[in-house]
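Working notes, structure below.
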Amino acid sequence: MHCPFCQHNDTRVIDSRVSEDGATIRRRRECEACGERFSTLETVELKLPSIIKGDGRREQFDAKKLRQGFDRALQKRPVAEEQVEAAVRAVVHAVRMSGERELPSRRVGEFVMDELRKLDHVAYVRFASVYRSFQDVDDFREEIEKLQRSLPSSEQLPLLDAADAAAAAHGRVAERSKKR
């Protein structure tokens with residue numbers, strides 16, 4: 001590696017340490033020509049698939065955009081930073097493990113929804129409302145009811161109380177019978 005101070009083309013490694021998350025290695029180096037010391041970070045560089053957007057455009061996978069999506073969904077929610085980072089890593093891992101050269105953005109959205117469902121149910125419904133283009137309150141109710149059915153009853157407080165759920169179900173039944 002070239003020295004950033006004198007541009008000499010040979011430096012030696014003095015010390016190497018693995019980062020806390022195990023994803024990077026920090027190396028302390030010394031230039032043999034000028035004696036200056038500096039640190040480098042070494043990470044694995046893996047090619048992630050291109051993402052096929054809904055309109056057919058293709059763009060490189062961007063972990064920063066992924067993180068922004070999580071941040072928007074989790075805004076003002078009581079979720080620890082470490083949990084968010086772990087969820088982002090899980091989605092990146094799922095994208096990488098897909099083995100595809102190109103991946104539809106819809107599939108990435110499903111990976112995100114799976115992680116948000118584990119992290120915070122309100123954030124999950126927020127993300128789902130945008131991702132699935134909810135048109136009205138009934139779309140929200142249906143998603144919440146689906147989420148409630150998939151959860152063990154002791155895991156979380158109800159998102160809708162029983163009266164609201166019954167009214168929502170009755171409203172849909174009445175609405176469907178009007179259409180017939």
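Each reported figure results from applying straightforward, stated rules to the coordinates on display, with no laboratory input. From a predicted model like this one, the values you see are computed outputs, not experimental measurements. Ideal geometry is used to build each Cβ from the backbone, glycine not excepted, and the neighbour counts take in all protein chains shown.
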Which whole-Hz couplings ³J(HN,Hα) result when phi for each residue of segment 66-74 is put into the Karplus expression 6.51 cos²θ - 1.76 cosθ + 1.60, θ = phi - 60°, listed in order with x for Gly and Pro? 4, 4, 4, x, 5, 4, 5, 5, 9
How large is ³J(HN,Hα) for each residue in segment 83-92, as worked out from phi by the Karplus curve 6.51 cos²θ - 1.76 cosθ + 1.60 (θ = phi - 60°), to whole Hz, x for Gly and Pro? 5, 5, 4, 5, 5, 4, 4, 5, 5, 4
Ranked by how many other beta carbons lie within 10 Å on average, peptides 82-92, 116-126 from highest: 116-126, 82-92
Distant-in-sequence amide H partners of THR24 (H built 1.01 Å from N, under 5 Å): SER19
Shape of segment 30-135 from its Cα gyration tensor (a ≥ b ≥ c, root eigenvalues): rounded if a/c is under 1.5, otherwise prolate when a/b > b/c, or oblate? oblate
Segment 92-119 scanned against label point 7 Å out from ARG58 along Cα→C-beta; backbone N under 12 Å for 101-104
For segment 16-32, what does the Karplus curve 6.51 cos²θ - 1.76 cosθ + 1.60, with θ = phi - 60°, yield as ³J(HN,Hα) per residue in whole Hz, taken in order and with x for Gly and Pro? 10, 9, 7, 5, 4, 7, x, 8, 9, 10, 9, 10, 9, 10, 9, 7, 6
Set the Förster distance to 45 Å, then compute FRET efficiency between SER150 and GLU45 from the Cβ-Cβ distance, nearest 0.05. 0.75
